[in-house]
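Enquirer: Got a structure for you, written out below as structure tokens; questions coming shortly.
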Amino acid sequence: MRSLESYLSKIYTDFENEIVHMDKLCVMTSLNYQVQSFPKYTDIHVQQLYLLKYAYAYAYEYYLMYNKAVEKLGIWDHVSVLSLGCGAMVDYIGLISLKDIRPLQVSYTGIDQVDWSYKPIICGEDKSPIYLNTNVVAYFRELEELKEDIYIFPKSISELSIEEVKNICEEFSSKKNRKERFCVCVSLRNSQIHREDDWKKTDMLERAIMAAGYAPDMENRACFIARDNCGIKKLQKNYNYPSQAVETLKGLGERCQAKQFCKRRSWCMECMNRYPVLKTSEVCYRIMTFERRNRV
């Protein structure tokens, strides 16, 4: 797979080449995560901006999550993953980064109802990852059995409704599961009010899996949050971010050709003129490990 830097550089080049021809950049303001508001992910320019802002930090967070999960499961050779709401498969980049520290083979399936561009280009010995453009709940309902080592919600639990989470819980509690032990990894939003909302959904998943005959690990209640807002480059030496993209993002609002006529100019500038996330400020996740109870 290409390096994270070359992956982001390709996105940046495409983004830069396209915004110079856009009269307005209004669509970019949807990437603001106001309460009960989510970005227009179907727009290619929003996808580009999202990935340039967040993919670097999220790839590192997913690397931490996967590393912790395989250690808890005691997996050293092969791991199977189902990514629920995988977007552009940034979590796959984090997963493959484990190869730098362990000889791990992976089987990966990603599910998302939006067909994202810029899914990572894969090469090498691993079986190519599977990407399915479908609804997460619909996919779960079609499964005959559960068989993955890790189920991950990569910054996606917040965008699932309570009803959708209930439906997923029903599938976890009713379907046959091949595994004696498995993990559910959930990346949470890091602001307290949003984190609490996401946490409630993870509790629903935990209760459903326990109802299916699995015992929770003692550390399931732990929330992993980065203590220091540290530069990711210091922690992961091979994670590089294209410097030219930083300059574009921090002054993106100024590139809008209609800004002088915009009635919401100050708000638009606030939404668009943002640095990419290059530190650990967004790291916030929960890993739930389950083991089948002994039956008498």
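The values are calculated or read from the model by the stated rules, or taken from the named source; none is laboratory data. Predicted model, so just to flag it, every value in this text is computed and none were measured. No Cβ is skipped: glycine too gets one built from the backbone with ideal geometry, and neighbour counts run over all protein chains shown.
Enquirer: Quick check on my filter: what residues within the stretch 183-198 are of a type in the set (A, V, I, L, M, F, W, C) and surrounded by fewer than 18 Cβ atoms within 10 Å (Cβ to Cβ)? Explain how you work it out, then say what you get.
Expert: First pass over the stretch 183-198, keeping only residues of a type in the set (A, V, I, L, M, F, W, C): 183-186, 188, 193.
Once the filter is applied, which keeps residues that are of a type in the set (A, V, I, L, M, F, W, C) and surrounded by fewer than 18 Cβ atoms within 10 Å (Cβ to Cβ), the stretch 183-198 yields only Ile193.
Enquirer: Residue by residue through the stretch 201-250, note down the ones that are within 25 Å of Met288 (Cα to Cα), outside any helix (DSSP H, G or I) and either free of Cβ contacts under 8 Å to residues at least 12 places away in the same chain or among the β-branched types (Val, Ile, Thr) (or both).
Expert: Matches in the stretch 201-250: Ile225, Arg227.
Enquirer: Identify all residues within the stretch 152-170 that are part of a helix (DSSP H, G or I) and modelled with pLDDT of 95 or more; write none if there are none. Spell out the reasoning first.
Expert: Restricting attention to the stretch 152-170, the residues satisfying the condition of being part of a helix (DSSP H, G or I) are 157-159, 162-170.
Within the stretch 152-170, Ile157, Ile162, Glu163, Glu164, Val165, Lys166, Asn167, Ile168, Cys169, Glu170 meet the criteria.
Enquirer: Go through the stretch 171-182 and give me each residue that's crowded, with 16+ Cβ neighbours inside 10 Å and assigned to a loop (DSSP other than H, G, I, E, B).
Expert: Lys179
Enquirer: Name the single residue that is farthest from Ser191 (Cα to Cα) among those in the stretch 136-146 being of a type outside the set (Asp, Glu) and either loosely packed, with under 15 Cβ neighbours inside 10 Å or free of Cβ contacts under 8 Å to residues at least 12 places away in the same chain (or both).
Expert: Leu143
Enquirer: Looking at the stretch 76-111, which of the residues that are of a type in the set (D, E, K, R) and free of Cβ contacts under 8 Å to residues at least 40 places away in the same chain is farthest from Tyr54 (Cα to Cα)?
Expert: This residue is Asp77.
Enquirer: Consider Asp23 against the criteria (1) modelled with pLDDT under 85; (2) surrounded by 14 or more Cβ atoms within 10 Å (Cβ to Cβ); (3) more than 17 Å from Val246 (Cβ to Cβ); (4) out of contact with any Cys (no Cβ under 8 Å at 6 or more places or on another chain): it satisfies all of them except one. Which criterion is unmet?
Expert: Single failed check for Asp23: (2).
Enquirer: Identify the single condition in (1) at pLDDT below 95; (2) assigned to a helix (DSSP H, G or I) that Asn190 does not satisfy, given that it satisfies every other one.
Expert: Going through (1) at pLDDT below 95; (2) assigned to a helix (DSSP H, G or I) one by one, Asn190 breaks only (2).
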